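Written below as structure tokens is the structure these notes are about.
Where a number appears in this text, it was derived from the coordinates with a stated rule and is not lab data. Predicted model, so just to flag it, every value in this text is computed and none were measured. A quick note on method: Cβ atoms are made from the backbone with ideal geometry, for glycine too, and the neighbour counts reach across all protein chains shown.
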Amino acid sequence: MEQFLAALRAASEATRLRILALLGKGELTVGELVDILEQSQPRVSRHLKLMGEAGILDRFQEGTQVFYRLADRGVGAALNTALLELVPEDDVTLRSDRRLLDNIRAERFAKAQDYFRANAAEWDQIRSLYVAEEEVEQALLEVQGGKPFARMLDVGTGTGRMLDVFSPLAAHAVGVDVSREMLAVARGNLAHKGLENCQVRQGDMYDLSVDDESQDLVLFHQVLHFADDPARALKEATRVLRSGGMLLIADFAPHKEEFLRDEQAHRRLGFADDEIAAMAMGAGLEQTDLRHLDGGKLRVTIWRFEKPVAGKE
């Protein structure tokens with residue numbers, strides 16, 4: 001009861017309701033909220049602090065920036081859902097807030113596209129070596145089974161493309177990446193497409209900072225070849241998978257394109273089928289599917305593993 005009352009008190013103020021309405025559209029920094037609300041940073045920070053302490057907001061740091069998002073668990077999450085359904089969409093102040101939010105999203109997208117264009121030549125060179133990415137995406141959806149699920153974690157999300165692909169199936173999807181530049185690209189892309197069930201944050205494949213057994217699907221799309229210790233990354237992924245949850249991996253089969261190691265920082269030049277299988281099974285997973293996609297110098301392999309349900313033989 002105390003937790004519920006604290007959450008109610010934290011939300012019962014005009015500016016805080018505006019903040020909830022804005023964060024209902026996606027995560028924002030303190031500076032972005034200051035610009036939209038047209039209030040001083042100390043004042044906005046005070047509101048955010050109270051809301052965070054009451055459990056209705058989550059805070060996470062990414063380099064020098066601090067992002068806020070709506071809590072997605074517990075009493076705070078339930079209260080947020082109820083309040084957002086009651087917020088009047090035609091309120092003059094909230095309409096103005098949304099217009100300013102749209103401007104911020106447009107700026108994000110423009111910056112993301114600038115970064116993408118600056119690096120597109122290198123990415124295009126790699127993509128030219130294997131089957132069209134659209135075929136990889138379709139194969140991933142087919143291997144997953146096209147079934148709706150609650151929570152997804154995309155490890156090494158890059159531009160956020162996998163979040164986009166799986167967003168129609170996911171109630172909530174999060175992408176993690178170590179690169180702040182790539183996270184900016186992903187945020188711009190997600191905001192541009194209005195994917196409000198998707199978020200990104202800075203994170204490490206060896207320390208996902210996600211609760212044990214909290215994810216229905218964990219995805220590694222063209223990421224493990226960068227890993228110094230892929231077996232450790234798969235163990236961390238297994239930790240966050242719920243019983244019966246699925247791990248999908250898309251990566252290259254063994255190849256001899258040394259320029260990818262020298263110029264693109266690929267740690268590994270692909271993986272054999274049984275190598276990934278051994279690492280995943282060593283982490284406690286069971287292989288349930290395997291698919292090869294040919295169509296260039298590089299073969300793409302898709303592995304599907306599942307975490308056994310406790311007590312089920």
*asked:* Taking θ = phi - 60°, what integer Hz values does the Karplus form 6.51 cos²θ - 1.76 cosθ + 1.60 yield along the range 291-296, in sequence order, with x for Gly and Pro?
replied: 9, 10, 10, 9, x, x
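Any chance you could run the full-extension gain for S179 through A110? It's 0.36 nm times the residue separation minus the Cα-Cα distance, nm to one decimal.
Working: separation 69, 0.36 × 69 = 24.84 nm, distance 1.80 nm.
Length difference between fully extended and current span is 23.0 nm.
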*Taking only DSSP H segments of four or more residues, each worth -39500 (n - 2.57), what value at 222 nm results for the chain once the sum is divided by all its residues, to the nearest 500 deg cm²/dmol?*
-15000 deg cm²/dmol
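Of L153, L208, L5, L141, how do they rank once you tally other Cβ atoms within 10 Å and put the fewest first?
Numbers: L153 25, L208 20, L5 11, L141 15.
Going from sparsest to densest Cβ surroundings: L5, L141, L208, L153.
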*Place a label point 7 angstrom from the Cα of L129 along the Cα-to-Cβ direction, then list the residues of the range 239-264 whose backbone nitrogen is under 15 Å away.*
251-264
_If amide hydrogens are placed 1.01 Å from N in the peptide plane, which non-local residues have theirs closer than 5 Å to the one on H221?_
V155, A250
*Separation in nanometres of the label points that stand 7 Å from Cα toward Cβ, at S214 and A272*: 3.7
*asked:* Give me the percent relative contact order of the chain, please, defined on Cα pairs under 8 angstrom at least 6 residues apart.
replied: 14
*Give me the angle, in degrees from 0 to 90, between the Cα long axis of helix 41-53 and the longest principal axis of the Cα atoms of the chain, rounded to the nearest 10.*
70
*Rounding to the nearest 20 debye, state how big the charge dipole of the range 2-87 is about its Cα centre with +1 on each Lys and Arg Cβ and -1 on each Asp and Glu Cβ.*
180
*Regarding the chain, what are the three Cα extents along the principal axes, ordered largest first, in Å?*
60, 51, 31
_Cross-link partners of K193 among aspartates and glutamates (Cα-Cα below 15 Å; sequence separation of 8 or more within a chain)_ = E27, D102, E107, D164
